[in-house]
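The values are calculated or read from the model by the stated rules, or taken from the named source; none is laboratory data. These numbers were taken from a predicted model, which means no experiment stands behind them. FYI the Cβ positions are ideal-geometry reconstructions off the backbone, even for glycines, and counts take in every protein chain you see. Accessible surface areas use protein heavy atoms only, side chains included; no ligands, DNA or RNA. Shrake-Rupley method; radii C 1.70, N 1.55, O 1.52, S 1.80 Å.
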Amino acid sequence: MQNLAVNNPTPRHVPITVEVYHLMAERGAFHPDERLELIGGKIFDMSPIGSLHARCVTFLTSALIRIVGDSSIVTSQNPILLDDESEPQPDVAIINFREDYYKNALPAAADVKLLIEVADTSVEFDRGVKFSRYAAARIPEAWLVDLINDRVEVHYAPKDEAYSRSKTFQRGENAVSETIPSIEIPVEDVLG
């Protein structure tokens with residue numbers, strides 16, 4: 001008699017595409033109040049937004065609208081289509097100006113000039129998982145406002161799945177963009 005090996009079933013990860021993600025949402029797979037993001041074919045539950053985080057996003061959105069004027073669009077916590085498996089919702093994004101304000105399609109990676117993530121509970125996730133996707137999508141610059149360590153990290157020069165350069169700015173300094181020369185904001189004002 002032949003020995004039969006007993007194999008336990010193993011789960012298979014099948015990446016979810018943006019198209020399937022949208023169909024799931026349309027069909028009610030998610031509660032309307034859930035904060036979700038599709039990153040690399042996986043759906044992630046995002047933490048609730050606290051007052052310090054909300055204040056920082058509101059400040060940055062307002063300041064950046066004044067700085068870039070009508071040359072770009074500044075969005076807050078709206079989806080960006082990076083690729084077929086990723087549709088994050090960065091806290092702030094500066095995107096190319098379009099007359100229709102992206103009425104018929106979400107902004108894609110090629111439309112993005114700069115992204116900002118504000119992190120209190122998600123520093124490592126943002127810096128690792130999200131920033132690697134941003135770099136792979138060739139987003140020229142991504143900022144991480146680290147509310148835990150009181151600093152602003154500016155990541156730029158995407159190469160493969162990482163940013164090849166970064167600068168860190170502390171209270172008392174100005175956070176300066178490497179790709180949009182007009183952006184220079186006191187870290188004290190960003191952190192509050």
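Counting only alpha carbon atoms, the long axis of helix 51-68 and the longest principal axis of the chain meet at about 60°.
Which chymotrypsin sites (Phe, Trp or Tyr not before Pro) does region 45-118 hold that lie in a coil by DSSP with at most 11 other beta carbons within 10 Å? Intermediate values should be presented prior to the final figure.
Numbers: sites: F59, F97, Y101, Y102; in loops: F97, Y101, Y102.
Taking region 45-118 and a limit of 11 other Cβ atoms within 10 Å, the loop chymotrypsin sites (Phe, Trp or Tyr not before Pro) found are Y101.
Taking the 1.4 Å solvent-accessible surface of the chain as the whole, the part contributed by carbon and sulfur is 50%. Accessible surface area normalised per residue over the chain is 56 Å², counting heavy atoms of protein chains with a 1.4 Å rolling probe.
Classify region 60-190 as rounded, prolate or oblate from the Cα gyration tensor: take a ≥ b ≥ c as the square roots of its eigenvalues, call it rounded if a/c is under 1.5, otherwise prolate when a/b beats b/c and oblate if not. Show your work: numbers first, answer last.
Working: a/c = 1.66, a/b = 1.18, b/c = 1.40.
Because a/c hits 1.5 or more and a/b fails to exceed b/c, region 60-190 counts as oblate.
Within the chain, the longest run free of exposed loop sites, counting GluC sites (Glu not before Pro) that sit outside DSSP helix and strand states (H, G, I, E, B) and have at most 11 other Cβ atoms within 10 Å, spans 100-192. What shape does region 53-95 have by the C-alpha gyration tensor, where a ≥ b ≥ c are the square roots of the eigenvalues, rounded means a/c under 1.5, and otherwise prolate means a/b greater than b/c and oblate the rest? Taking the square roots of the gyration eigenvalues as a ≥ b ≥ c, region 53-95 is oblate. All other residues whose Cβ lies under 11 angstrom from that of D146 are scored, Lys and Arg at +1 and Asp and Glu at -1, for a net of -4.
Looking at this model, which pairs from K130/K159; K42/K103; K42/K167 are more than 24 angstrom apart at the alpha-carbon? Intermediate values should be presented prior to the final figure.
Working: K130/K159 14 Å; K42/K103 26 Å; K42/K167 30 Å.
Going by Cα-Cα distance, K42/K103; K42/K167 fall outside the 24 Å limit.
Stretched out straight at 0.36 nm per residue, the stretch from N174 to L52 would grow longer than its current Cα-Cα span by 42.0 nm. Using every pair of separate Cα atoms, the Kirkwood estimate puts the hydrodynamic radius of region 1-131 at 16.9 angstrom.
Sites listed here are trypsin sites (Lys or Arg not before Pro) in region 79-122 whose DSSP assignment is loop and whose Cβ has at most 10 other Cβ atoms within 10 Å: K103. Ordered from highest to lowest accessible area with the whole protein assembly present and a 1.4 Å probe, I49, I180 read as I49, I180. Which of rounded, prolate or oblate describes region 120-178 when judged by the alpha-carbon gyration tensor and an a/c cut-off of 1.5? Note, shape of region 120-178 comes out oblate. Entry note, the chain: the mean residue ellipticity at 222 nm calculated from DSSP H runs of n ≥ 4, each adding -39500 (n - 2.57), is -5500 deg cm²/dmol after division by the residues and rounding to the nearest 500.
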